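One structure is given here, and the rest of the page talks about it.
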Amino acid sequence: MTLSVSLDFDNRFSQQLPADPDLSNQRRQVLGACYSRVKPLAASKPRLVAYSSEMAEQLGLSTIDCASKEFAEIFVGNKQLQGMDPYAMCYGGHQFGHWAGQLGDGRAINLGEVVNTQSQRWALQLKGAGPTPYSRTADGLAVLRSSLREFLCSEAMFHLGVPTTRALSLILTGESVVRDMFYDGNPQPEPGAVVCRVASSFVRFGNFQIFSAQGDIDTLKQLVDFTIINEFPHLGEPSPEVYLKWFDEVCRLTADMIVHWLRVGFVHGVMNTDNMSILGLTIDYGPYGWLENYDPAWTPNTTDANGKRYCYANQPQIGHWNLAQLGNALAPLFNDEKNVEALQQVLNGYPKYFEQGRKKMMAAKLGFEHYIDELDDALVEELLEILAWIETDMTIFYRSLAQIDINVALESIEDEALMSPLLDAYYLPEQITSSYQQRLGKWLRAYIQRLRKDNKTNEMRRQEMDAINPKYVLRNYMAQLAIDKAEEGDFVLTNNFLELLRHPYDEQKEHEQYAAKRPDWARNRAGCSMLSCSS
Ligand code: AMP
Ligand code: MG
């Protein structure tokens, strides 16, 4: 069986930007080049675990194409289609606040850019398809566990409306890959897998930083101009003025992405500058996690357990810090002081973008027409304190909040009755003390009075809130259940979750159990609450 369509490639990145002349696959420092050509490693027994039907359709691939043997061969990296030009990108980055020098695509190989029938351009990238010149001391491979998490989460995020890279396919290689999952000196073989990721561009902050750090301003400028022309054409021809506009847009997109993370309870886990997309897409799903009980200080990443640099509530400031590093990298493009100052001014605008976005998002989550500072600042602040006070499931709480009835007689209703629609959100009923009830009751009364100012019926408000507060997210334990099954060769749960998470805002009666709180067994199980970077 062969693919019924051929994909049309037009590889602007590799055609227009400087290539590393060295074609060997030796680990090395690369200078003056945006990428190195490299072939994916052959996989002995490719086996499709799952694919995203929406993504396939976008690319012009049919269901029959995706079920074909050839599809698995192509997207595991065994077979190249005409027009593909595989390469790994060169980038650097700040990891946990420290400049790490050259990093690069150590286990990602770009296949090229597909142009679909609507003239949309999609870059394809295989993650886990073998070593590249940027693999440093690692093997260039990925295990099923982490690949499945990336595959499911990127599609789940897309359907939640969060800017993200996409995933076309998840394919087992047939090889085993040794990983020390707990970093405890006990490495084990695990099934190897490859995800085909898809995005308009995979360029990261670190792609610019590396040239600036090397004092290679020519290549820096080439990459900046290329990015503006191809990804931000509405800004106009590259010039110092346009560079500023572009940086401003990157600040806005980054703020917007992080506002979405806060909205759905997502914690990226490794917000290093090499993991920050220039398009403001969520990229590099590693030890990410979802808030279950609302805890602003929570991070899923065991490597970050002490510093908590990348915990839920720090994400907005880390976004700003990362943008400052990008700004530093761009400064050499300007030769006069005035423009460098203007760059700083643009960076200073980030908190404003974030705050505007956060307020709009909170108003929507709470079902308000608009955010009114004088009324809502205090209301939101108090709510977030209440949420963190006792173990409260964030997703269930907001989803259930829509069920609050604005027509209740506030003078006669008891606090206990008032909060009854929210009861499913609590992990430990014994924590619902009378002082908790009183405090939440007081908040709910103020909330209802606030809602009444908007003149919306319960029905109208509920519909709007349900479109912004998801019923289903990829709870940490769900990914782990899918992994346990997939490691036994059973892919049904992975595919069921993929389907479930295509409609995260819909009531799906048959899947109600996945809208419930994290089960107790998952509270402290590895992979369900804490994750290492081992992948
Ligand atoms: P991360 O923090 O996972 O985004 O990775 C940081 C850097 O390490 C990137 O340059 C990755 O490409 C590289 N890397 C991570 N895991 C591997 C691996 N198994 N083999 C080669 N490079 C890797
Ligand atoms: Mg990365």
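The values are calculated or read from the model by the stated rules, or taken from the named source; none is laboratory data. Keep in mind it's a predicted model, so treat the numbers as computed, not measured. Cβ coordinates were reconstructed from backbone atoms using ideal geometry, including for glycine residues, and neighbour counts include every protein chain displayed.
The table below gives the values:
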| read-out | value |
| --- | --- |
| Subset of the range 8-61 [part of a helix (DSSP H, G or I) and under 25 Å from residue 227 (Cβ atoms)] | 12, 13, 14, 15, 16, 55, 58, 59 |
| Subset of the range 317-340 (residues that are at pLDDT below 95, assigned to a helix (DSSP H, G or I) and under 19 Å from residue 249 (Cβ atoms)) | 339, 340 |
| Test result for residue 145, within 14 Å of ligand 1 (Cβ to nearest atom), in a helix (DSSP H, G or I), of a type in the set (Lys, Arg) and surrounded by 16 or more Cβ atoms within 10 Å (Cβ to Cβ) | yes |
| Long-range neighbours under 7 Å by Cβ, at least six apart or interchain, first residue within 21 Å of residue 195 (Cα to Cα) and within 16 Å of ligand 2 (Cβ to nearest atom) within the range 260-288, second part of a helix (DSSP H, G or I) and basic (Lys, Arg) | 285/149 |
| For residue 394: the one exception among (1) surrounded by 13 or more Cβ atoms within 10 Å (Cβ to Cβ); (2) farther than 20 Å from residue 360 by Cα | (2) |
| Subset of the range 329-346 [touching a Gly at 6+ places or on another chain (Cβ under 9 Å), surrounded by fewer than 18 Cβ atoms within 10 Å (Cβ to Cβ) and in contact (Cβ under 8 Å) with a residue 60 or more places away in the chain] | 332 |
| Members of the range 492-524 that are in a loop (DSSP other than H, G, I, E, B) and small (Gly, Ala, Ser) | 516 |
| Verdict on residue 237 being over 23 Å from residue 471 (Cβ atoms), crowded, with 18+ Cβ neighbours inside 10 Å and among the charged types (D, E, K, R) | no |
| Candidate set from the range 499-532 (those that are hydrophobic (A, V, I, L, M, F, W, C) and exposed (fewer than 14 other Cβ atoms within 10 Å of the Cβ)); member that is modelled with the lowest pLDDT | 526 |
| Hey, residue 129 within 16 Å of ligand 2 (Cβ to nearest atom) and closer than 23 Å to residue 18 by Cβ or not | no |
| Scope the range 62-115; condition within 16 Å of ligand 2 (Cβ to nearest atom), crowded, with 19+ Cβ neighbours inside 10 Å and not in a loop (DSSP other than H, G, I, E, B); matching residues | 88, 89, 92, 93, 94, 102, 108, 109, 110 |
| Which numbered condition residue 57 misses (of (1) closer than 24 Å to residue 158 by Cβ; (2) touching a residue at least 40 places away in the same chain (Cβ under 8 Å)) | (2) |
| Inter-residue pairs, beta-carbon under 6 Å, first assigned by TED's automatic domain parsing to the domain that holds residue 284 and in the range 124-135, second away from ligand 2 (no atom under 14 Å from the Cβ), 6+ apart | none |
| The range 238-259, subset among the charged types (D, E, K, R) and under 30 Å from residue 388 (Cα atoms), residue nearest to ligand 2 (Cβ to nearest atom) | 256 |
| Hits in the range 371-403 (condition: out of contact with any helix residue (DSSP H, G or I) (no Cβ under 6 Å at 6 or more places or on another chain), under 26 Å from residue 473 (Cα atoms) and without any contact (Cβ under 8 Å) to a residue 60 or more places away in the chain) | 381, 385, 389 |
| Residue 69 within 16 Å of ligand 1 (Cβ to nearest atom), charged (D, E, K, R) and in contact (Cβ under 8 Å) with a residue 24 or more places away in the chain | no |
| Boolean, residue 362 is surrounded by 13 or more Cβ atoms within 10 Å (Cβ to Cβ), free of Cβ contacts under 8 Å to residues at least 24 places away in the same chain and hydrophobic (A, V, I, L, M, F, W, C) | yes |
| Pairs with Cβ under 9 Å, 6+ apart, first in the range 101-119 and on the phi > 0 side of the Ramachandran plot and within 16 Å of ligand 1 (Cβ to nearest atom), second of a type in the set (A, V, I, L, M) and modelled with pLDDT of 95 or more | 101/210; 101/213; 104/30; 104/88; 104/89; 104/210 |
| Members of the range 177-202 found to be surrounded by fewer than 24 Cβ atoms within 10 Å (Cβ to Cβ) and within 14 Å of ligand 1 (Cβ to nearest atom), listed by number | 177, 178, 179, 180, 181, 183, 187, 190 |
| Matching residues, the range 289-305, being within 16 Å of ligand 2 (Cβ to nearest atom) and among the β-branched types (Val, Ile, Thr) | 303 |
